[in-house]
Amino acid sequence: MDRDVITVVSGLPRSGTSMMMSMLEAGGVPILTDNVRTADEDNPKGYYEFERVKQIEHDWAWLADAPGKAVKIISELLMRLPEAAPYRFKVIFMRRHMAEILASQRQMLLRRGEPADAVSDEQLTLLFTKHLKRFDAWAARQPNIAILYVSYNAMLEAPRDHAEQVNRFLGGGLDAEKMIAVVDKAFYRQRNGAHGK
């Protein structure tokens, strides 16, 4: 693994970013997290979040401690990363069937006692689709960012192939067997939008 590069795990909410962070940690990648948001029923293995990421528009100082580590950044905030040297990023961008993302988000809101129907699935799908197109266009213009797109759905079906792909993308040296062991279909509860993930 290249110790001068910052590894970023990104994607839409509920797209498998926490599982990928867990895989990287198991594979030997140091993780940048503060554990402020703890594990719960929606993410039994934890969220792997780092609160300072939310201030990325005004605070880049933490990036100095990030080379050689992995950090989770939602795709909207990812577009606020510095677009020039000295920082180089390798982004693992998680993708998942949209119906499953929406169902998982809905169940999480319901468990928290929050309204799950404030925005319709059709509206959210349109918003997320537009966002992903904007992200793809932005990413293509960034000279210091390399991106590997990973399907959450495909990874659950073929974890070895994807663990090895991620290992190659990051320059090798990770423990792919330990990464594979993290993939647990028991947490795959929103198959194609069906309730009960």
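The values are calculated or read from the model by the stated rules, or taken from the named source; none is laboratory data. Note that the coordinates shown come from a computational prediction; the quantities given were computed from them, not determined experimentally. In this analysis, Cβ positions are derived from the backbone assuming ideal geometry, glycine residues included, and neighbour counts consider all displayed protein chains.
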In the range 83-96, residues that are part of a loop (DSSP other than H, G, I, E, B) and in contact with a strand residue (DSSP E or B) (Cβ under 9 Å, 6 or more places away or on another chain) total 4
Checking Arg95 against (1) modelled with pLDDT under 90; (2) surrounded by fewer than 22 Cβ atoms within 10 Å (Cβ to Cβ); (3) under 24 Å from Gly16 (Cβ atoms), only one condition comes out false. Which one? (1)
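Do we find a residue being assigned to a loop (DSSP other than H, G, I, E, B), closer than 28 Å to Arg52 by Cα, at pLDDT below 85 and more than 17 Å from the chain's Cα centre (by Cα) anywhere in the range 185-192? It would help to see each step written out before you state the result.
As a first pass, look at the range 185-192 and keep what is assigned to a loop (DSSP other than H, G, I, E, B): 188-190.
When the remaining residues are screened for being closer than 28 Å to Arg52 by Cα, the result is none.
No, the range 185-192 has no match at all.
Hey, can you tell me all the residues within the range 63-77 that are over 15 Å from Tyr48 (Cβ atoms) and within 20 Å of the chain's Cα centre (by Cα)? Step through it out loud before you land on a result.
Let us first name the residues in the range 63-77 that are over 15 Å from Tyr48 (Cβ atoms), namely 63-65, 67-68, 75-76.
Correct list: Leu63, Asp65, Pro67, Gly68, Ser75, Glu76.
Answer yes or no as to whether Leu174 is modelled with pLDDT under 90 and surrounded by 15 or more Cβ atoms within 10 Å (Cβ to Cβ). Reasoning before the result, please.
Working: modelled with pLDDT under 90: no; surrounded by 15 or more Cβ atoms within 10 Å (Cβ to Cβ): yes.
Taking the combined requirement at face value, the residue does not satisfy it.
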The conditions are (1) under 30 Å from Leu63 (Cα atoms); (2) buried (at least 19 other Cβ atoms within 10 Å of the Cβ); (3) at pLDDT below 90, and Phe128 fails exactly one of them. Which is it? (2)
Restricting to the range 73-92, give me the number of residues that are surrounded by 15 or more Cβ atoms within 10 Å (Cβ to Cβ) and touching a His at 6+ places or on another chain (Cβ under 8 Å). 1
Can you name every residue in the range 53-72 that is surrounded by 15 or more Cβ atoms within 10 Å (Cβ to Cβ) and either part of a helix (DSSP H, G or I) or among the basic types (Lys, Arg) (or both)? Val53, Trp62, Leu63, Lys69, Lys72
Pairs please, first residue from the range 163-178 and within 9 Å of Ala26 (Cα to Cα), second anywhere and surrounded by 13 or more Cβ atoms within 10 Å (Cβ to Cβ) and among the acidic types (Asp, Glu), Cβ atoms under 7 Å, 6+ apart in sequence or on different chains. Ala176/Glu164
If I filter the range 4-23 for residues that are outside any loop (DSSP other than H, G, I, E, B), over 13 Å from the mean Cα position of the chain (by Cα), of a type outside the set (Val, Ile, Thr) and at pLDDT below 90, do I get at least one hit? no
